[in-house]
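Novice: Before I ask anything, let me first share the structure, which is written out below as structure tokens.
The values are calculated or read from the model by the stated rules, or taken from the named source; none is laboratory data. From a predicted model like this one, the values you see are computed outputs, not experimental measurements. Glycine gets a Cβ as well: all are built from the backbone with ideal geometry, and neighbour counts include every protein chain shown. Note: areas computed on protein heavy atoms with side chains; ligands, DNA, RNA excluded. Shrake-Rupley method; radii C 1.70, N 1.55, O 1.52, S 1.80 Å.
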Amino acid sequence: MNAPTTGGPSTRTRVWIIVLALVLLGGGATAYTLRAASGRTGAADTADPGFVLVGGSGALYARDTASGRVARVDPSAPGGRTVGGPSCDRFHAAGPTALCLQRRPGVPARSYAIVLDRKLREIRRVALPGIPSRARVSASGNMLSWTMFATGDSYARSSFSTRTSILDLRTGYLVKNMELIPLTLGGRRYHAPDVNYWGVSFAADDNRFYATVSTNGRTHLVEGDVEKWSARSLRENVECPSLSPDGTRLAFKKRVSDGPRDPWRLYVYDLRTGREHPVAEWRGIDDQALWTDARTLAYGYGGAVWSVPADGTGTPRRLAAGASSPAAPR
């Protein structure tokens with residue numbers, strides 16, 4: 001005997017209701033996933049009104065650790081800084097240009113390189129694989145470079161891979177990976193599958209640059225030429241070079257130990273004489289130092305930004321706690 005009808009939806013109707021609910025839920029989940037993958041964070045993706053790059057007069061910018069946003073270091077402001085820039089994992093600025101490397105959520109690791117103008121408004125965005133590592137803008141603001149970790153997340157590890165790009169804002173031309181640049185090592189053309197570049201620093205002419213190349217377990221300082229698209233090694237054991245404002249010296253990380261504790265010391269190399277000397281910073285600095293002027297270096301260490309004289313005298317001085325990625329637009 002059949003059960004009496006209760007007036008509820010039929011089996012077919014219930015099936016269609018379930019299907020429709022699944023479609024709607026799936027669409028919502030897809031939209032959420034796309035929003036998350038885009039890496040945008042609403043208002044924090046852009047600078048606050050009036051927060052702009054100010055060149056000269058010792059202006060220093062850095063990434064504020066608490067908020068993840070770019071801040072201007074200002075001892076007279078609450079907390080010693082004014083936070084108002086975009087959210088960045090790595091930041092650098094020079095001339096009228098800023099470069100913001102922004103990690104996107106999700107797996108595999110993906111990021112954005114965001115080019116900003118003097119008012120920190122976005123003018124170009126490049127989608128990238130990997131984890132932000134180094135960011136540099138030439139003094140004129142025309143040439144940009146960034147380095148991403150493709151695998152691993154530390155230069156102290158023996159197994160890692162980097163991908164370094166160069167962007168010319170004058171032409172819009174982007175070199176996504178400079179590993180194919182013709183390399184001369186020890187006076188001979190060199191080819192190897194383990195070549196990695198990182199830490200580019202541009203000269204004032206926007207053509208010559210310095211960088212680190214790693215191959216066969218060794219690191220080398222290379223001098224490159226953008227127009228000729230070539231690079232040649234100058235010496236070994238140089239990482240993350242940073243060219244001085246007058247173009248005569250390089251600050252760099254020198255490996256002094258094979259152990260995991262403080263493997264590097266911060267050095268300065270004179271390009272004219274070939275001489276080098278350590279600065280008065282004994283801790284292991286894993287950063288691409290910044291020349292805030294012709295005499296002073298700034299760098300990140302232990303969750304803060306520090307400075308030290310470049311000539312080897314003096315002592316380290318903390319510029320900003322809870323900060324990283326210092327930049328001093330000139």
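Novice: State the percentage of accessible surface on region 139-243 attributable to carbon and sulfur atoms; use a 1.4 Å probe and exclude ligands, DNA and RNA.
Specialist: Using a 1.4 Å probe with all protein chains present, region 139-243 comes out at 45 percent carbon and sulfur.
Novice: Go through region 266-279 residue by residue and turn each phi into a ³J(HN,Hα) via Karplus (6.51, -1.76, 1.60, θ = phi - 60°); whole Hz please, and just put x for glycine and proline.
Specialist: 8, 10, 10, 10, 8, 5, 7, 9, x, 8, 9, 8, x, 8
Novice: Need the C-alpha centroid separation for region 165-210 versus region 251-317, integer Å.
Specialist: For region 165-210 versus region 251-317, the Cα centre distance is 23 Å.
Novice: Shifting gears a bit: Return the lysines within reach of Lys228: Cα separation strictly under 26 angstrom, same-chain partners fewer than 8 residues apart disregarded; answer none if there are no such residues.
Specialist: Correct list for Lys228: Lys176.
Novice: Stretch Ala192-Leu174 to full length: gain in nm at 0.36 nm per residue minus the Cα-Cα span?
Specialist: Details: separation 18, 0.36 × 18 = 6.48 nm, distance 2.32 nm.
Taking 0.36 nm per residue and subtracting the Cα distance, the gain is 4.2 nm.
Novice: What GluC sites (Glu not before Pro) does region 157-262 have in DSSP loop regions with at most 10 other beta carbons within 10 Å?
Specialist: On the way: sites: Glu179, Glu223, Glu227, Glu236, Glu239; in loops: Glu227.
Listed in order of number, the matching sites are Glu227.
Novice: Still on this model: Once you have a ≥ b ≥ c as the square roots of the Cα gyration tensor eigenvalues for region 183-330, tell me rounded if a/c is under 1.5, and otherwise prolate or oblate according to whether a/b is larger than b/c.
Specialist: Working: a/c = 1.87, a/b = 1.44, b/c = 1.30.
Judged from the Cα gyration tensor, region 183-330 comes out prolate (a/c at least 1.5, a/b above b/c).
Novice: If I stretch the segment between Ala77 and Arg208 completely, what's the gain in nm (0.36 nm per residue apart, minus their alpha carbon distance), one decimal?
Specialist: Numbers: separation 131, 0.36 × 131 = 47.16 nm, distance 3.87 nm.
This chain segment gains 43.3 nm when fully extended.
Novice: Once label points are set 7 Å from the Cα along Cα→Cβ at both Asp311 and Lys119, what is their separation, rounded to one decimal in nm?
Specialist: Spacing of the two 7 Å Cα→Cβ label points: 4.3 nm.
Novice: Given a 1.4 Å probe and the protein chains all in place, what does the accessible area of Thr65 round to, in Å² to the nearest 10?
Specialist: Around 70 Å² of this residue is reachable by solvent.
Novice: Would you calculate the separation in nanometres between label points at Asp293 and Ser230, each defined as 7 Å from the Cα along the Cα-to-beta-carbon direction?
Specialist: For Asp293 paired with Ser230, the spin-label model returns 3.9 nm.
Novice: Rounded to the nearest angstrom and ordered from largest down, what semi-axes does the equivalent ellipsoid of region 58-207 get from its C-alpha gyration tensor (root of 5λ)?
Specialist: Values: eigenvalues 160, 71, 41 Å².
Working through the eigenvalues yields semi-axes of 28, 19, 14 Å.
Novice: Over region 179-330, average the accessible area per residue using a 1.4 Å probe and give it in Å², no decimals. Kindly include the intermediate steps, with their values, before the conclusion.
Specialist: On the way: 6980 Å² over 152 residues.
Here the per-residue accessible area is 46 Å².
Novice: Could you tell me which chymotrypsin sites (Phe, Trp or Tyr not before Pro) in region 234-329 are loop residues by DSSP with no more than 12 other beta carbons within 10 angstrom of their beta carbon?
Specialist: Values: sites: Phe252, Trp264, Tyr267, Tyr269, Trp282, Trp291, Tyr299, Tyr301, Trp306; in loops: Trp282.
For chymotrypsin sites (Phe, Trp or Tyr not before Pro) across region 234-329 that sit outside H, G, I, E and B with at most 12 neighbouring Cβ atoms in 10 Å, the list reads Trp282.
Novice: On to the next question. Run through region 230-295 and list the trypsin sites (Lys or Arg not before Pro) located in a DSSP loop whose Cβ has at most 14 other Cβ atoms within 10 Å. Intermediate values should be presented prior to the final figure.
Specialist: Values: sites: Arg232, Arg235, Arg249, Lys253, Lys254, Arg255, Arg261, Arg265, Arg272, Arg275, Arg283, Arg295; in loops: Arg261, Arg272, Arg275, Arg283, Arg295.
Counting only loop positions with at most 14 other Cβ atoms within 10 Å, the trypsin sites (Lys or Arg not before Pro) in region 230-295 are Arg261, Arg272, Arg275, Arg283, Arg295.
Novice: Add +1 for every Lys or Arg and -1 for every Asp or Glu among the other residues with Cβ under 11 Å from the Cβ of His92, and state the total. Please report the intermediate quantities before stating the final value.
Specialist: Details: positive: Arg63, Arg90, Arg134, Arg136; negative: none.
Around His92, the charge tally is +4.
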